[in-house]
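The values are calculated or read from the model by the stated rules, or taken from the named source; none is laboratory data. Owing to the predicted nature of the structure, the values given are computational and were not obtained by experimental measurement. Cβ placement follows ideal geometry from the backbone for every residue including glycine, while neighbour counts extend to all protein chains displayed.
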Ligand code: DGI
Ligand code: FE
Ligand code: FE
């Protein structure tokens, strides 16, 4: 039988590959995802693993992210080529599988979809997406106090709210919008 993944080892591994601010964020997403998993009846350990690994490719250079994609035939869209930081989600899922020994597809999907979302997300995927936005270390987003409260009352409502606030923010700041983010919003909005 395959040996269970050690949370302690994953934490140590993330501390090595992330700067201290990012690592604090990682721990925040780990325990916020765990709390949401308790609330919504998801596997708590899976939520911790996904939370710990969701940004495992965040502190690589853009060149490194692009080269990992090229080497492993991971498709890169035009928007991703122009904004390679978006690839940290896809590349993160790849590394979670190859380097950190995660085989649970739900955890890998949660890592892959944590930035743009996607259609038909599982509860765990939504939990990681939301935990990423509301963890205690986040301070800048608009309406954060309200979204934090809603997250523990109505998961889908919090999810849609975060998506729409993110799209508003990206439009206000003139950032290029990945069609995937727009697609997720269209799929989930009422
Ligand atoms: O990696 P984190 O910073 O913890 O969080 P994240 O993976 O959600 O990435 C955060 C940024 O990604 C945030 O500023 C919003 C941005 N983002 C989400 N969807 C898109 C996007 N940025 C662009 N340019 N286009 C998108 O569609
Ligand atoms: Fe991220
Ligand atoms: Fe994150």
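Restricting attention to segment 66-75, and to residues there that are assigned to a loop (DSSP other than H, G, I, E, B) and at negative phi, which single residue is surrounded by the fewest Cβ atoms within 10 Å (Cβ to Cβ)? Checking each candidate, the answer is 75.
Beta carbons closer than 9 Å, at least 6 apart along the sequence or on distinct chains, pair a first residue in segment 131-153 that is under 23 Å from residue 53 (Cβ atoms) with a second that is surrounded by 13 or more Cβ atoms within 10 Å (Cβ to Cβ) and modelled with pLDDT under 95 for 133/141; 134/141.
Pairs linking a residue in segment 16-42 that is more than 20 Å from residue 125 (Cα to Cα) to a residue that is part of a helix (DSSP H, G or I) and away from ligand 1 (no atom under 11 Å from the Cβ), with Cβ atoms under 8 Å and 6 or more positions apart or on different chains, are 23/14; 23/15. The residues listed here are 58, 2; of these, the one that is in a loop (DSSP other than H, G, I, E, B), within 26 Å of residue 123 (Cβ to Cβ), touching a residue at least 40 places away in the same chain (Cβ under 8 Å) and within 11 Å of ligand 1 (Cβ to nearest atom) is 58. Answer yes or no: is there a residue in segment 26-41 that is surrounded by fewer than 22 Cβ atoms within 10 Å (Cβ to Cβ), part of a helix (DSSP H, G or I) and within 16 Å of ligand 2 (Cβ to nearest atom). Yes, there is a match, as at least one residue in segment 26-41 is surrounded by fewer than 22 Cβ atoms within 10 Å (Cβ to Cβ), part of a helix (DSSP H, G or I) and within 16 Å of ligand 2 (Cβ to nearest atom). Residues in segment 5-41 that are out of contact with any helix residue (DSSP H, G or I) (no Cβ under 8 Å at 6 or more places or on another chain), within 16 Å of ligand 1 (Cβ to nearest atom) and over 21 Å from residue 140 (Cβ atoms): 17 only. Given the structure, is residue 130 within 15 Å of ligand 3 (Cβ to nearest atom), touching a helix residue (DSSP H, G or I) at 6+ places or on another chain (Cβ under 6 Å) and under 18 Å from residue 190 (Cβ atoms)? The answer is yes for residue 130. Considering 190, 82, 171, the condition of being modelled with pLDDT under 95 and out of contact with any helix residue (DSSP H, G or I) (no Cβ under 7 Å at 6 or more places or on another chain) is satisfied by 190 alone.
For segment 154-170, state whether one or more residues are surrounded by fewer than 19 Cβ atoms within 10 Å (Cβ to Cβ) and in a loop (DSSP other than H, G, I, E, B). Checked against the condition, which is being surrounded by fewer than 19 Cβ atoms within 10 Å (Cβ to Cβ) and in a loop (DSSP other than H, G, I, E, B), segment 154-170 yields at least one hit.
Scanning segment 45-55 for residues that are in contact (Cβ under 8 Å) with a residue 60 or more places away in the chain and either assigned to a helix (DSSP H, G or I) or more than 11 Å from ligand 3 (Cβ to nearest atom) (or both) returns 46, 47, 50, 51.
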